[in-house]
1. May I ask you to list the residues in the stretch B:56-73 that are closer than 15 Å to B:Lys114 by Cα and surrounded by fewer than 22 Cβ atoms within 10 Å (Cβ to Cβ)?
2. Identify, by number, the condition in (1) surrounded by 16 or more Cβ atoms within 10 Å (Cβ to Cβ); (2) more than 18 Å from A:Glu146 (Cβ to Cβ); (3) small (Gly, Ala, Ser) that A:Ala175 doesn't meet.
3. Six or more apart or on different chains, Cβ under 7 Å: which pairs go from a residue in the stretch B:104-126 that's within 12 Å of another protein chain (Cβ to nearest Cβ) and within 17 Å of A:Glu142 (Cβ to Cβ) to one that's part of a helix (DSSP H, G or I) and of a type outside the set (A, V, I, L, M)? Could you list them?
4. I'd like to check which helices (runs of 4 or more DSSP H) are fully inside the stretch B:2-87 and have at least 2 residues that are within 27 Å of B:Lys123 (Cα to Cα) and either touching a residue at least 12 places away in the same chain (Cβ under 8 Å) or more than 14 Å from every other protein chain (Cβ to nearest Cβ) (or both).
5. Quick check: anything in the stretch A:134-156 more than 23 Å from B:Met41 (Cβ to Cβ) and either surrounded by fewer than 14 Cβ atoms within 10 Å (Cβ to Cβ) or basic (Lys, Arg) (or both)?
6. Given the criteria within 13 Å of the chain's Cα centre (by Cα) and crowded, with 17+ Cβ neighbours inside 10 Å, does B:Ala34 qualify?
Amino acid sequence: METVSEKTGSVRGPFFEKKGVDRPCWSCKSEQVDLFNCISCKTIQEFLSDTNYFASLNQGYTLNIDLEQLEKQYYDLSRRFHPDYFQQRSKEEQEISLENTALLNKAYQTLKDPQKRASYLVRLVEGNDEPLKTQAPASLFEDIFEIQEAVEEMRFLDPSDESGRNNLKETLKIALEKMQQYQKDEREKLYGHFNEWDQLESGRQSQDFTDPQKSCLTQMKQILSHSGYLDRVIQDIKTALKF
Amino acid sequence: MSYSKKVIDHYNNPRNMGSLDKADKEVGTGVVGAPECGDVMKLQLKISGGIIEDARFKTFGCGSAIASSSLATEWVKGKTLDEAFQIKNTEIVNELSLPPVKIHCSVLAEDAIKAAIADYKKKNDIA
């Protein structure tokens, strides 16, 4: 089993990247601390209080990320923090390993999903911990209402009504295609904004996010506000088609 | 969380459930939804001489959403467009004793009334 002290090399990747650590070790007070461990006494260190799922401000916030690298980093860090490796350690260290693992899992789940990743960035930039307020265009609700009606009809259909079922299936299949196309278009728009954002971010000189970045974020928010809804409707149709 | 008696009553005995003819010039249709909970609500008003003669709703959603829209159809009947437009979601919240997490259901009902009125006005070129 690898020991914690052997894993002090710098970890590069889309998250938990931080230049310099300016806090002493919680246990021995040594200043010789890297991101995860104390170099003197080898104890595990808590994540910095301002750790966010993305790179730190110095490194920039990137929306297009290498998923393979993300996964690799996740496994690497999981091995580093796994509570199993700390069973023989002090109670404090056990707790830190548990907390770090919990944060790591949340970070990975958030970053690997493009929609969750973007929502997280929005909340981070706006300094708001609330879920995104959701809204959608009125025409979408009309489509969805019709879909729900067909789904309901499907549910209460007389099992012997073959032709009724076939008609409904046809209606639902067309609706499914329409919604999937809509979802695809929205996703492409979102990825377009990802590129725009990353370009703006790489050219950012100031501490603060720029106005073009903020407006890019607003446009992403608009898409994100109903993407979850769309996913759910598509799921509803797929379920109904199995009846 | 449990539903209030009034919510359960509307849920079990929804008033004015169904549809009116969307193509009818005297019918205004409002379809609104809340992406956060997936609810979608259709509210239709039949208007004659500036008075709401009849109202119908159909809602796919939770008990509170169904009760809010059912109550809304009861309340708008006999009202003028302006009076119906004044109905506030808070009145629905009070009447049904909706808990804070269900307030958005009442907002949906208010939005549906307004959307139906707007549709009617648009159809009939009323500013």
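The values are calculated or read from the model by the stated rules, or taken from the named source; none is laboratory data. All figures in this text were calculated on a predicted structure; none of them were measured in a lab. Cβ: placed from backbone, ideal geometry, glycine included. Neighbour counts: every protein chain shown.
1. Scanning the stretch B:56-73 gives a single hit, B:Arg56.
2. (2)
3. Partner pairs satisfying both residue conditions: B:Leu108/B:Ser68; B:Ala112/B:Ser69; B:Lys114/B:Phe85.
4. Numbers: elements: B:5-12, B:63-76, B:81-85.
So the answer is B:63-76, B:81-85.
5. no
6. Details: within 13 Å of the chain's Cα centre (by Cα): no; crowded, with 17+ Cβ neighbours inside 10 Å: yes.
For B:Ala34, the condition - within 13 Å of the chain's Cα centre (by Cα) and crowded, with 17+ Cβ neighbours inside 10 Å - is not met.
Quick grid of which residues meet (1) over 22 Å from A:Leu217 (Cα atoms); (2) among the aliphatic types (A, V, I, L, M):
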site: A:Pro83; (1), (2): yes, no
site: A:Ala102; (1), (2): yes, yes
site: A:Ser119; (1), (2): no, no
site: A:Gly127; (1), (2): no, no
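Here's the yes/no breakdown for (1) at pLDDT 90 or above; (2) touching a Cys at 6+ places or on another chain (Cβ under 7 Å); (3) more than 14 Å from chain B (Cβ to nearest Cβ):
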residue	(1), (2), (3)
A:Glu93	no, no, yes
A:Asn105	no, no, yes
A:Leu132	no, no, no
A:Phe156	no, no, no
A:Ile174	yes, no, yes
A:Glu177	yes, no, yes
A:Gln183	yes, no, no
A:Glu196	yes, yes, yes
A:Arg204	no, no, yes
